[in-house]
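The values are calculated or read from the model by the stated rules, or taken from the named source; none is laboratory data. In this text the structure is predicted, and so the values were computed from the model without any measurement. So basically every Cβ, Gly included, is an ideal-geometry build from the backbone, and we count neighbours across all protein chains shown. Side chains are part of the model used for accessible areas, which takes the heavy atoms of the whole protein and leaves out ligands, DNA and RNA. Shrake-Rupley method; radii C 1.70, N 1.55, O 1.52, S 1.80 Å.
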Amino acid sequence: MTHLLLIYDITNDRIRTKVATACEDYGLDRVQYSAFYGRLNRNLQEELMLKIENLLGDEGGKVQLIPIAHNEWNRRLTLE
């Protein structure tokens, strides 16, 4: 399982909400309004991206799924 960060820029509110729900359905945790973190194997990563692609349809948007090494994630700095 790979640590990953999924970020998106989607203007359509309805689709953005559905994408957020899909991320949560795959066990990802919201870390910012348009950013989710979690661990998924490659098959689930591809499945999630296909689901998001279908949700976007012709509306478009930008979605990035970024793998992060475990030790690098643990070195992150945060302010809350």
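Quick notes on this one:
- Computed on protein heavy atoms with a 1.4 Å probe, the accessible areas place K62, K18 in the order K62, K18, largest first.
- Sites listed here are chymotrypsin sites (Phe, Trp or Tyr not before Pro) in the stretch 9-50 whose DSSP assignment is loop and whose Cβ has at most 12 other Cβ atoms within 10 Å: Y33.
- Expressed as a whole percent, the accessible surface of the chain that belongs to carbon and sulfur atoms is 47, based on a 1.4 Å probe.
- From its DSSP helices (H runs of at least four residues, each -39,500 (n - 2.57)), the chain gives a residue-normalised ellipticity at 222 nm of -12500 deg cm²/dmol.
- Measuring nothing but how far apart in sequence close Cα pairs (under 8 Å, 6+ apart) lie, relative to its length, the chain scores a relative contact order of 49 percent.
- For the stretch 11-80: accessible area per residue (Å², 1.4 Å): 75 Å²
- The stretch 59-80 and the stretch 3-39: distance between their alpha carbon centers, rounded to Å: 11 Å
- Estimated at 0.36 nm per residue, the fully extended path between E72 and R42 surpasses their Cα-Cα distance by 8.9 nm.
- For log10 I(q)/I(0) by the Debye sum over Cα atoms at q = 0.11, 0.22, 0.27 Å⁻¹, calculated from these coordinates, the label among [x] -0.28, -1.02, -1.41; [y] -0.22, -0.95, -1.47; [z] -0.34, -1.06, -1.42: [x]
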